[in-house]
1. Filter segment 267-284 for residues that are over 15 Å from the mean Cα position of the chain (by Cα) and of a type in the set (D, E, K, R); which is nearest to residue 218 (Cα to Cα)?
2. Six or more apart or on different chains, Cβ under 7 Å: which pairs go from a residue in segment 69-81 that's more than 7 Å from residue 31 (Cα to Cα) to one that's exposed (fewer than 12 other Cβ atoms within 10 Å of the Cβ) and of a type outside the set (Asp, Glu)? Could you list them?
3. Can you tell me which residue is surrounded by the most Cβ atoms within 10 Å (Cβ to Cβ) among those in segment 269-317 that are closer than 17 Å to residue 244 by Cα and polar (S, T, N, Q)?
4. Give 181, 232, 215 a once-over and let me know the one that is buried (at least 18 other Cβ atoms within 10 Å of the Cβ), out of contact with any helix residue (DSSP H, G or I) (no Cβ under 6 Å at 6 or more places or on another chain) and among the β-branched types (Val, Ile, Thr).
5. Could you give me the residue pairs with C-beta distances under 7 Å whose first residue belongs to segment 240-266 and is closer than 17 Å to residue 281 by Cβ, whose second residue is basic (Lys, Arg) wherever it lies, and which are 6+ apart or on separate chains?
6. Between residues in segment 1-25 that are at pLDDT below 85 and residues that are not in a loop (DSSP other than H, G, I, E, B), which pairs lie under 6 Å by C-beta distance while being six or more apart or on different chains?
7. Name the single residue that is nearest to residue 181 (Cα to Cα) among those in segment 208-263 being polar (S, T, N, Q) and part of a loop (DSSP other than H, G, I, E, B).
8. Inside segment 14-71, can you point out the residues that are part of a loop (DSSP other than H, G, I, E, B) and surrounded by fewer than 21 Cβ atoms within 10 Å (Cβ to Cβ)?
Amino acid sequence: MNASPAKPDRLVALMGSLTEAKRLRILRLLEQHELGVVELCDVLQMPQSTISRHLKMLSDQKWVRGRREGTTHLYRTILDELDPTARKLWLLAREQTDQWVTARQDQLRLQRLLAAREVDRDTFFAGAAGEWDRLRSDLYGERFSIAAMLALLPADYVVADLGCGTGNLTAEIAPHVNRVIGVDGSAAMLKAARKRTGEFENVDLRKGDLLEVPIDTGTCDAALLVLALTYIAEPISAVKELARILKPGGRGVIVDLLPHDREDFRRQTGQMSLGLEPLAVETMLVDCGFERVAVRSLPPEPNVKGPALFLATGVRV
């Protein structure tokens, strides 16, 4: 005879526990790795009270198991340990959420967390070598590392900072190159940029639209579009301008938001889109005349509140 079907009340309880998006996100993470409450708070960007409440429900319904390690409670979902009904429901739920942009953002933060775990482990075994990193930071800070990397830029470069805003990046680059041209459409932003870059004689700030950049064709060795494309309704038009102002062999760099579903964030920041797909950015660069195009996700920094970012680079043909 066939096995008896699950009791209706058990089935309803299991289905009910999967109707909350936060619990789906938790289960996706705990199926991959054993995590503590604090780590889940970091990856999911939720308060501890919210995580604990959802974990209790998931534990009560036998979706997750917990164990104590010192003062920490660790949780994990193991597919083979779920009862048959729960297993079938979870496989369906997981399949239907594989392309969920929120889950992809969670995955990037999880990768950053796991990488940090590896660093902690290596530091523990490194002993004195690991202590040197902390000592160096305490004695000298972190800025000198950025200055050293910027010094690798050719001193004769002309660099365009498109959508320069208050000139933060422009000021970072200026000491290392021949000239920086900053372009922004906001008079208020440019006023702040002039104040920040006033000490640099090689900075040229211009008011202009990123769809009609006020820079002559083929005059820049490198050009940047940092956190600018998501403010433009047709990003490819700005990428065309990026390509136009570069010399053959010039390098284009784009940093912007990966796809997300935080409509409140988009409205708050005044952006036109909910991030950009890396493949779409790669296609835009190729179509606009770039070769050796590369697009990669950037690991989210600890404690940041915005969506994850990508870095795209290409060389003008």
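The values are calculated or read from the model by the stated rules, or taken from the named source; none is laboratory data. Just so you know, these numbers come straight off a predicted model, no measurement behind them. Heads up, the Cβs are rebuilt from the backbone with ideal geometry, glycines too, and the neighbour counts pull from every protein chain shown.
1. 282
2. As it stands, the answer is 74/67, since those pairs meet every condition given.
3. Residue satisfying both the conditions and the ranking: 313.
4. Numbers: 232 fails: out of contact with any helix residue (DSSP H, G or I) (no Cβ under 6 Å at 6 or more places or on another chain); 215 fails: out of contact with any helix residue (DSSP H, G or I) (no Cβ under 6 Å at 6 or more places or on another chain).
Checking each option against the conditions leaves just 181.
5. 243/316; 246/316; 252/316
6. Listed by first residue and then by second, the contacts come to 6/85.
7. Taking segment 208-263 and keeping what is polar (S, T, N, Q), we get 217, 219, 230, 237.
If we keep only those that are part of a loop (DSSP other than H, G, I, E, B) too, we end up with 217, 219.
Details: 217: 13, 219: 11 Å.
If we take residues in segment 208-263 being polar (S, T, N, Q) and part of a loop (DSSP other than H, G, I, E, B), then 219 is nearest to residue 181 (Cα to Cα).
8. Filtering segment 14-71 for residues part of a loop (DSSP other than H, G, I, E, B) gives 18-20, 33-34, 45-47, 61-64, 70-71.
Those that are part of a loop (DSSP other than H, G, I, E, B) and surrounded by fewer than 21 Cβ atoms within 10 Å (Cβ to Cβ): 18, 19, 20, 33, 34, 45, 46, 47, 61, 62, 70, 71.
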